[in-house]
Amino acid sequence: MCGIAGLLDASGRYGDPAQHVQAMADSLVHRGPDSSGVWHDRDAGIAFGHRRLSIVDLSNAGHQPMASANGRWTVTYNGEIYNANELRAELEAGGAQFRGHSDTEVLVEACAQWGVEATLPKLIGMFTFGLWDSETRTLFLARDRLGIKPLYWGRFGDLFLFGSELKALRAHPGWTPVVDRNSLASYMRHNYVPGPGSIYQDVGKLPPGHLLVAKAGVAPKISAFWTLKDVVRESQSPRMSLSDEAATDELENLLSDAVKRRMVADVPLGAFLSGGIDSSTVVALMQANASQPVRTFSIGFNEQGYNEAQHAKEVAAHLGTDHTELYVEPQHAMDTIPRMAEMYDEPFGDSSQIPTFLVSEMTRKHVTVALSGDGGDELFAGYVRYFQGVKLLPFIDRVPPPVRSAIAGAIRMLPPTAWSTLLQVLPDRWRPPQPGDKMHKLAGVLTEPGDGYYRYLVSHWTEPDKLVLGGEENRGPLWDPTVHDIVPDAIERMQYLDTITYLPDDILTKVDRASMAVSLEARVPLIDHRVVAFAWSLPPHLKVRDGNGKWLLRQVLERHVPRRLIDRPKMGFGIPIDSWLRGPLRDWAEDLLSEKRLREDGYFDPQPIREKWQEHLGGTRNWHYLLWDVLMFQLWKERWL
């Protein structure tokens, strides 16, 4: 795992490209503390920088940037190719000769022998890379299929910059940042800045599964080498016809191979373990493939309703792992919060960024690589909101809009606190957390037309254009009416939307930045693209059964872990931000949310923010998600603007 950076500047107006790309690479030292490298061709105006976190082939034979044996191709690469040994054998049969055993060398020789476009579909792994063809003076940028690894790029006149993080682009003197208020409005809805844009004008994220081709003085061309849309279309007809047992066998074999490939490393390796289905499955398969106890790591909270550490400990004991845990206090959060803006480069409002960083920090003290269970919810229908949505959909479809609006109005007549009191009569298993807030959320969902109900379910600020001064949010896949035709099933449609938006731009971004901030490589076997294709080939009843998701994944796990250890309501990886904002974080938040400050900054209308802050402090509403979005933008603005 590494940090990469590069530039293409045929004009030469900024002087020595090697000096600039060195500064760009040095800004990414946390991603690669073990060594650095720079390569450039001043005549062509091209320069690559690299920071290395040594994982496979710790010798100098893995040093980057790396040239192909024939000297034509040069690569700067971040990630892991898990089928490098098979590709190496195929390349050697074609006449390639290797100096070391790194996957970087396999990648550059594959591109030299087969071409970039033919190489990409052969790769199993997570990766981004910059590749220079000296013969045609062409720059190639590529990003893995699911967007596990990040890649930013931007054009400033005739200057082209790219890097693993925005801070690499900022290190170049040609960087001219301008905040994109439309992206800011999108951030306020989603709690992340959706790709392919960024928080800045003229700077974007290369979409997952895409290839960018650039030449000096020519607008870059971007094309897809893999899309989930194609996978879904190919898998929908006919669906795979398997018995329950055969499907479980097939999934276990695929996951076992994906996990085993990700256990290859020349450095210590472990896994995050929350005690949930996804991480427990990964750890169970790791332990089945290991000759000694796997190192596992979990994080806990003293506040009830947030703590899964005891469940993780029980799973670890059953599997026989070497387990380490950390309990988080509010002071941990206070110490961590100031680092968030530096870590994430652009506004990022998922508050689980804090425990993700803390578990990464703890894990890095013991190992250099950790496997994670991310992606299981999107692939196998694990989110509670899927089932909330599918219950509402028939009602939304059948009831005329005026009637739904009337029902929504009636719900809103009672404040959330009154609803919470009324719903206390329900048994615990039927009563959701914060039932009053859920009722008011329901009122909003009822007024949304068509598939807009799901957009409302996943929204934070539902009218961000009114909140962000001069902003008009960018409308992405959640507004695309053709998605209904691609994925007719309601739950699968929500899975599809999450996989192309929430997964790369929130979940994988969070894991990448939090882990790489402490030079820890995180690997995610559940979203091996072969597992993705298999999951989409399954009929819905193998993923959702008896009102519960992840049915088939549960069957695999129950072969290794007793059901009693994992059969419980989904908790998620949250932290008690709601109570902390009323307590130990209150003064810090009040300073950032003051009306004077918001008005002087000129990005937000202060009124709705102040209203929600007062309601939250008074306990009448729980607005911590929306307030955290504003706080993280304010923190980011302080650091970078």
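Scan region 486-510 for residues that are over 15 Å from Asn191 (Cα atoms) and either under 8 Å from the mean Cα position of the chain (by Cα) or in contact (Cβ under 8 Å) with a residue 24 or more places away in the chain (or both) and report the count.
Going through region 486-510 one residue at a time, the tally reaches 13.
Is there a residue in region 110-131 that is assigned to a loop (DSSP other than H, G, I, E, B) and of a type in the set (Gly, Ala, Ser)?
Within region 110-131, one or more residues are assigned to a loop (DSSP other than H, G, I, E, B) and of a type in the set (Gly, Ala, Ser).
Listed here are the residues, each with its yes/no results for (1) buried (at least 23 other Cβ atoms within 10 Å of the Cβ); (2) of a type in the set (A, V, I, L, M, F, W, C); (3) in the same structural domain as Arg262 (by TED's automatic domain parsing); (4) not in a strand (DSSP E or B).
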{"site": "Gly6", "(1), (2), (3), (4)": "yes, no, no, no"}
{"site": "Gly37", "(1), (2), (3), (4)": "no, no, no, no"}
{"site": "His50", "(1), (2), (3), (4)": "yes, no, no, no"}
{"site": "Gly71", "(1), (2), (3), (4)": "no, no, no, yes"}
{"site": "Glu80", "(1), (2), (3), (4)": "yes, no, no, no"}
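Please indicate, with yes or no, whether at least one residue in region 587-595 is among the aliphatic types (A, V, I, L, M) and in contact with a Ser or Thr (Cβ under 8 Å, 6 or more places away or on another chain).
no
Among the candidates Ala284, Ala271, Ala290, single out the residue that is among the aliphatic types (A, V, I, L, M) and surrounded by fewer than 19 Cβ atoms within 10 Å (Cβ to Cβ).
After ruling out the rest, the residue left standing is Ala290.
Based on what the data block shows, is Gln555 in a helix (DSSP H, G or I) and free of Cβ contacts under 8 Å to residues at least 24 places away in the same chain?
No: the conditions fail for Gln555.
Return the residue satisfying two criteria in turn: it lies in region 236-268 and is β-branched (Val, Ile, Thr) and part of a loop (DSSP other than H, G, I, E, B), and of such residues it is surrounded by the fewest Cβ atoms within 10 Å (Cβ to Cβ).
Restricting to residues being β-branched (Val, Ile, Thr) and part of a loop (DSSP other than H, G, I, E, B), the top hit is Val267.
Within region 293-337, take every residue that is among the β-branched types (Val, Ile, Thr) and at pLDDT 95 or above and give me the one that is surrounded by the most Cβ atoms within 10 Å (Cβ to Cβ).
Thr296
Condition (residue is surrounded by 15 or more Cβ atoms within 10 Å (Cβ to Cβ), in contact with a Ser or Thr (Cβ under 7 Å, 6 or more places away or on another chain), modelled with pLDDT of 95 or more and not acidic (Asp, Glu)) applied to region 52-62: is it met by at least one residue?
no
What is the number of the single condition among (1) surrounded by fewer than 21 Cβ atoms within 10 Å (Cβ to Cβ); (2) within 24 Å of the chain's Cα centre (by Cα) that Thr104 does not meet?
(1)
Would you list the helices (runs of 4 or more DSSP H) that sit entirely within region 352-453 and hold 1 or more residues that are crowded, with 16+ Cβ neighbours inside 10 Å and at pLDDT below 80?
Answer list for region 352-453: 384-398, 401-412, 416-422, 435-446.
For region 268-288, give me each residue that is farther than 21 Å from Tyr383 by Cα and at pLDDT below 95.
Pro268
What is the number of the single condition among (1) of a type outside the set (Ser, Thr, Tyr); (2) within 23 Å of the chain's Cα centre (by Cα); (3) at positive phi that Gly320 does not meet?
The failed condition is (2).
Which of the residues spanning region 95-108 are within 14 Å of Ala61 (Cα to Cα) and touching a helix residue (DSSP H, G or I) at 6+ places or on another chain (Cβ under 7 Å)?
Listed by number, the residues that qualify are Phe98, Arg99, Gly100, Ser102, Asp103, Thr104, Val106.
How many residues are within 13 Å of Leu269 (Cβ to Cβ) and part of a helix (DSSP H, G or I) if we restrict to region 287-301?
1
Please verify whether Ala89 is surrounded by fewer than 16 Cβ atoms within 10 Å (Cβ to Cβ), free of Cβ contacts under 8 Å to residues at least 12 places away in the same chain, assigned to a helix (DSSP H, G or I) and not assigned by TED's automatic domain parsing to the domain that holds Leu526, treating the condition exactly as stated.
Taking the combined requirement at face value, the residue satisfies it.
Looking at Ala96, Ala110 in this structure, which one is of a type outside the set (D, E, K, R) and touching a residue at least 24 places away in the same chain (Cβ under 8 Å)?
Of Ala96, Ala110, the one residue that is of a type outside the set (D, E, K, R) and touching a residue at least 24 places away in the same chain (Cβ under 8 Å) is Ala96.
For the list (1) modelled with pLDDT under 95; (2) closer than 30 Å to Thr368 by Cα; (3) not small (Gly, Ala, Ser), I need the number of the one condition that Leu503 fails.
(1) is the only condition that Leu503 fails.
If Ser280 satisfies every condition in (1) among the small types (Gly, Ala, Ser); (2) within 20 Å of the chain's Cα centre (by Cα); (3) part of a loop (DSSP other than H, G, I, E, B) but one, which is the exception?
(3)
Mind counting the residues in region 144-184 that are among the polar types (S, T, N, Q), assigned to a loop (DSSP other than H, G, I, E, B) and touching a residue at least 60 places away in the same chain (Cβ under 8 Å)?
The qualifying residues number 1.
Checking Gly147 against (1) buried (at least 23 other Cβ atoms within 10 Å of the Cβ); (2) under 18 Å from Leu28 (Cβ atoms), which test does it fail?
(2)
Residues in region 313-328: is at least one outside any strand (DSSP E or B), in contact with a helix residue (DSSP H, G or I) (Cβ under 8 Å, 6 or more places away or on another chain), under 30 Å from Glu638 (Cβ atoms) and of a type in the set (A, V, I, L, M, F, W, C)?
no
The values are calculated or read from the model by the stated rules, or taken from the named source; none is laboratory data. Predicted, not measured: the structure shown is a model, and the values here were computed from it. Don't worry about glycine lacking a Cβ; one is built from the backbone with ideal geometry, like all the others, and counts go over all protein chains shown.
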